[in-house]
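Scroll down for the structure; my scribbles are underneath it.
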Amino acid sequence: MSEPAPDDPPQGAEFIYDAAKKALDEQTAWIGDVDTKAGVLMGAVAVLFGLLFVQDSLLLEAPAWLSAMVAVALGLSALLSALAFHVSTWQTPGFDDLCDLLGQGDDTKLKWKALSDVQDAFHANEESLDRKADKLQWAGLSLLAGILLLAGYLIYRTLS
């Protein structure tokens, strides 16, 4: 039995490439989802700032420490949302690199040669996406803290 030539892709190479490409596509969709959520949080914070820090706001009658804590929580949420929304450079398999493979074999062989580029892009993006999602999570928690402080004050004011 003869061994495959060093350039020949192993069996299943096309399946592995397709699975890796699908994972990269799902990762790209997740990046878009995180950016959308960050934008929604930034909008929610802007609306709350507009409602709470105006001339007729209930916070004007609240203790100064409470107003300051709500402002800090909302400000932190806005900052973290903006940082999560910040556009990073995301890696994808380079078009030029793929063009360099032109004429070097059939589809299976080309996918096998391009697999490492897809894998490298996925791993490079993974760390940036994790940091982006962490900032978004903390932005949401900060917004929740501000809302809970405000709700607690409104309940206290209603009951007293």
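Taking label points 7 Å from Cα along the Cα-to-Cβ direction, Leu154 and Ser116 give a separation of 5.9 nm. Of all lysines in the structure, those lying under 16 Å Cα to Cα from Lys111, and not within fewer than 8 positions of it along the same chain, are Lys21, Lys22.
Between Leu144 and His86, what length comes free when the chain is fully extended (0.36 nm per residue of separation minus the Cα-Cα distance, one decimal in nm)? List each step's numbers first, then the result.
Numbers: separation 58, 0.36 × 58 = 20.88 nm, distance 2.15 nm.
Result for the pair: 18.7 nm of gain on full extension.
Net length available on complete extension from Gln11 to Ser57 is 9.7 nm, with 0.36 nm assigned per residue and the Cα-Cα distance removed.
Sort 121-131, 35-45 by packing, meaning the average of other beta carbons within 10 Å per residue, with the highest value first.
Descending packing order for the listed peptides: 35-45, 121-131.
A straight chain from Leu66 to Lys22 at 0.36 nm per residue would run longer than the Cα-Cα distance by 11.0 nm.
Below 12 angstrom from the Cβ of Gly140, what's the summed charge of the other residues (Lys, Arg +1; Asp, Glu -1)?
Net charge around Gly140: +1.
Panel note: the C-alpha atoms of segment 28-159, placed on their principal axes, show extents of 76, 21, 18 Å (largest first).
Read the figures in this text as sums done on the coordinates, not as results from a lab. Please read these numbers as outputs of a predicted model, since none were measured by experiment. Cβ atoms come from the backbone with ideal geometry, glycine included; neighbour counts cover every protein chain shown.
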